[in-house]
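Working notes, structure below.
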């Protein structure tokens, strides 16, 4: 079967009708998803668990590499699978169900007495962590493809903003509750993580329930080969014929390396000697608060001025995060008071909208028939970053955390410069439907 031709460098936004039911179903899907995600946040709780099971930074880098491999290999196979579904919601529900099942299994294990055996638990965690990100990577393809079908281009940032604003208030209250429980000594490691992950599983299930309310017009089936080599060739064709997509791939590589640093921030904090279990919860609160505030503001701004402009701003924040860790965690007088180090998690939260805005931008520059394959391309290209956490862990072991942080910041600057070459394809004053929130 002949493949459709790749899109031009600037594809016009396709007409997706505004349906309030779909908008609010997506908002509540995002709402429950984000609440659940806060209780397994990579930069705080996940990093805390990994550094508890295996304090060696090289092991931390290994787990992050497994995370990257699983998340970025899956779309290579998942993209053609999603294209075979007439209803993208069904594809998302199937992949999401597998994702939640794996995390639920890990949570149950952490409640058992055997979880206190670190030598065994580190292997159980490694298997579950890898499988979780494999299915999450597949889910991300279906999620982005469904978003492109049911939410208009001028409403996608707003949908993110509303969902994050709603979840933010609940998240802060819930995490403060966990903080009080943990600080009281009733849930020592690793049971504090079991408690948090139980909430993750619960809210992930509720997110799946919200998807059931989405009404979707069936798509034409795109029958693509499951041959990974053929898919890679099609990914390359898309990027060759779409200059914006090619630059977006470069940006995704840069932020993939930046994202691999999240666990190192907490490892650095633990090594400095000022991190405690309760302080880690407070760091999570700071990150949640700022990411919700940032999403609430920048999601709406992106709908007005275009995604590319906001992405460029946030990429410079991304590049500054590793340098802030050096200053706030290593320089006197900041290093002696753990409260200063919360500034790192403030910046991590502040640049958070960038990830969804990159997806929103992609959905505007690629025709709908190629959404799944384009999302697969931007995710699969990050496979080149898979060794980065492992290599950064080696750098940390040989030359210290500061060397790794400076290297990550330089790569982040390269990503910010690459983004300057992307064009804003949004029509000035893109219509926002009357009566939309």
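What follows is calculated from the coordinates using simple rules that are stated; it is not laboratory data. Predicted model, so just to flag it, every value in this text is computed and none were measured. All Cβ positions, glycine included, derive from the backbone under ideal geometry; neighbour counts span all protein chains shown.
Residue exposure proxy: 145, 68, 423, ordered by other Cβ atoms within 10 angstrom of their Cβ from fewest to most, comes out as 423, 68, 145. With respect to the chain, whose longest principal axis is taken over its alpha-carbon atoms, helix 371-380 is tilted by about 30°. Rg and Dmax of segment 101-148, both derived from C-alpha coordinates alone, stand at 14.0, 45 Å. Straightening the chain between residue 413 and residue 293 buys 40.8 nm, computed as 0.36 nm per residue apart minus the Cα-Cα spacing. Net length available on complete extension from residue 339 to residue 120 is 75.4 nm, with 0.36 nm assigned per residue and the Cα-Cα distance removed. Panel note: the C-alpha atoms of the chain, placed on their principal axes, show extents of 57, 45, 41 Å (largest first). Given R₀ = 51 Å, FRET efficiency for residue 19-residue 332 by Cβ-Cβ distance, to 0.05? For residue 19 and residue 332, the calculated efficiency is 0.35. Available extension along the chain between residue 173 and residue 86 is 27.3 nm, counting 0.36 nm per residue and deducting the alpha carbon span. Taking the chain as the reference, fit the longest principal axis to its C-alpha atoms, fit the long axis of helix 243-259 to the helix C-alpha atoms, and give the angle between the two in degrees, 0 to 90, nearest 10. Once rounded, one gets 10 degrees. With a Förster radius of 60 Å applied to the C-beta separation of residue 233 and residue 206, the computed FRET efficiency comes to 0.90.
Pairing the Cα long axis of helix 57-83 with the longest principal axis of the chain, what angle in degrees results, from 0 to 90 and rounded to the nearest 10? Here the helix axis deviates by roughly 20 degrees. Can you classify segment 285-437 as rounded, prolate or oblate using the Cα gyration tensor, where a ≥ b ≥ c are the square roots of its eigenvalues, rounded means a/c under 1.5, and otherwise it's prolate if a/b beats b/c and oblate if not? Cα axes put segment 285-437 in the oblate bin.
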